[in-house]
1. Could you check, for the stretch 198-215, whether at least one of its residues is under 24 Å from SER131 (Cα atoms) and crowded, with 19+ Cβ neighbours inside 10 Å?
2. Mind checking which residues of the stretch 281-325 are under 27 Å from the mean Cα position of the chain (by Cα), surrounded by fewer than 13 Cβ atoms within 10 Å (Cβ to Cβ) and of a type in the set (Val, Ile, Thr)?
3. Every residue in the stretch 247-277 that is in contact with an Asp or Glu (Cβ under 9 Å, 6 or more places away or on another chain) and open to solvent by less than 10 Å² (accessible area, probe 1.4 Å), please.
4. Among the residues that make up the stretch 80-97, is at least one of them hydroxyl-bearing (Ser, Thr, Tyr), within 18 Å of GLU175 (Cβ to Cβ) and buried (at least 18 other Cβ atoms within 10 Å of the Cβ)?
5. Starting from the stretch 161-185, take each residue that is under 15 Å from LYS234 (Cα atoms) and list its partners that are open to solvent by 70 Å² or more (accessible area, probe 1.4 Å), counting only C-beta distances under 6 angstrom and pairs at least six apart or across chains.
6. Return yes or no: is THR224 among the hydroxyl-bearing types (Ser, Thr, Tyr), touching a helix residue (DSSP H, G or I) at 6+ places or on another chain (Cβ under 8 Å) and under 26 Å from ASP172 (Cα atoms)?
7. Would you mind telling me which numbered condition in (1) of a type outside the set (A, V, I, L, M); (2) touching a Ser or Thr at 6+ places or on another chain (Cβ under 7 Å); (3) modelled with pLDDT of 90 or more; (4) open to solvent by less than 60 Å² (accessible area, probe 1.4 Å) PHE227 fails?
Amino acid sequence: MSIWIVPIYDIGNERTKLILMRIENIILNVVNSICNNNKLVINLTKLSNWSGCIYNDKNHMTTKTLQFQTKRSRINFTIIIYLLSKIYKNLMTKKSCTTRELYYGDTILFKHSNIVRKALIDICCLLGAKSWELGITLTSSGLVAGNLKIYMSNGKILDCSDTNEGIQIPQDILEIDNFESKAKYILIVEKNASFQKIINEGLLKKNKCTFVMITGKGFPDINTRLFVKQLSCKLNIPILVLVDANPFGIEIMCVYRFGSNSMVHQNEMLCVPSIKWLGVYPTDIESLNLPSIALTNLDQDRLKSLLKRSYINSNHKLLQQVSLK
């Protein structure tokens with residue numbers, strides 16, 4: 001027995017309609033499987049290694065199967081169906097919610113907020129959609145300061161020069177209408193402590209027409225990366241990155257520049273290959289006589305991961321820095 005539903009849409013956006021239809025097809029397949037006493041299975045395709053960070057190489061695609069069998073797999077399957085229902089409702093009603101709201105909507109099911117984020121990555125692959133297309137407001141932890149005005153679609157203007165600690169990057173990047181800036185370059189700094197020190201020492205005020213400064217407070221969230229991407233496209237000025245001279249600092253620079261493996265299906269909209277690594281370089285530690293500590297086992301593991309990535313091995317300057325131990 002098969003079940004068919006004819007949907008009625010009145011939401012205007014063709015892309016949204018496509019996502020809704022894909023959700024309906026998934027649910028219909030599940031319902032039909034139940035009616036026919038078949039196994040409950042959801043297949044999603046992901047890129048399997050770091051080659052996908054900058055290349056759309058379909059030779060490195062892998063299929064992940066979610067089955068309603070073991071206890072763990074039943075939980076994962078349930079989470080996907082639950083989130084698909086929330087996404088469908090958001091898109092149909094033209095409303096949105098945050099990942100935090102999704103988590104607190106059923107803390108027993110999710111156990112931890114990271115489970116929501118990981119499941120949403122799977123759902124993006126499953127639907128062939130971007131995170132910001134799902135009616136889910138992405139949380140921003142990043143800050144911005146300097147010669148920049150942000151014009152929002154609701155008429156609000158954010159003046160990033162009028163701050164003593166930085167302005168939080170807007171939660172809904174897609175609601176940004178335009179930017180206004182006389183800056184000559186954008187500086188991304190890894191740590192919030194460095195970001196605040198630069199502000200406190202008055203460097204932004206002394207050079208208020210010179211640059212815009214951004215921090216993702218460590219590994220940048222999607223909103224921060226999307227914000228940097230939009231600035232790159234609209235301002236068309238150089239972007240420099242200042243990170244620690246350790247494997248994790250180098251990886252943060254690479255996330256901004258090349259993208260991340262977990263978000264590979266969205267990297268085209270998130271990464272900025274033109275970004276320049278300002279420093280600190282591992283070679284600077286010896287040449288500038290900088291204080292340093294030995295790499296931990298975790299650092300060594302991250303270093304091995306970096307050395308496996310195609311964008312590192314194809315770039316002589318990057319490879320030279322990463323190869324130093």
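The values are calculated or read from the model by the stated rules, or taken from the named source; none is laboratory data. All figures in this text were calculated on a predicted structure; none of them were measured in a lab. Cβ atoms come from the backbone with ideal geometry, glycine included; neighbour counts cover every protein chain shown. Heads up: the accessible areas ignore ligands, DNA and RNA and are worked out on the full protein's heavy atoms, side chains in. Shrake-Rupley method; radii C 1.70, N 1.55, O 1.52, S 1.80 Å.
1. yes
2. Within the stretch 281-325, THR296 is the sole residue that qualifies.
3. PRO247, GLY249, ILE250, ILE252, MET253, GLY259
4. Checking the stretch 80-97: not a single residue is hydroxyl-bearing (Ser, Thr, Tyr), within 18 Å of GLU175 (Cβ to Cβ) and buried (at least 18 other Cβ atoms within 10 Å of the Cβ).
5. Listed pairs, sorted by first residue: PHE179/LYS234; GLU180/LYS149; TYR185/PRO238.
6. Numbers: among the hydroxyl-bearing types (Ser, Thr, Tyr): yes; touching a helix residue (DSSP H, G or I) at 6+ places or on another chain (Cβ under 8 Å): no; under 26 Å from ASP172 (Cα atoms): yes.
It is false that THR224 is among the hydroxyl-bearing types (Ser, Thr, Tyr), touching a helix residue (DSSP H, G or I) at 6+ places or on another chain (Cβ under 8 Å) and under 26 Å from ASP172 (Cα atoms).
7. (2)
Residues are listed down the side, and each one gets a yes or a no for (1) over 28 Å from ALA183 (Cα atoms); (2) without any contact (Cβ under 8 Å) to a residue 24 or more places away in the chain; (3) touching a strand residue (DSSP E or B) at 6+ places or on another chain (Cβ under 7 Å):
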residue: PRO238; (1), (2), (3): no, no, yes
residue: TYR281; (1), (2), (3): no, no, no
residue: ARG302; (1), (2), (3): yes, no, no
residue: ARG309; (1), (2), (3): yes, no, no
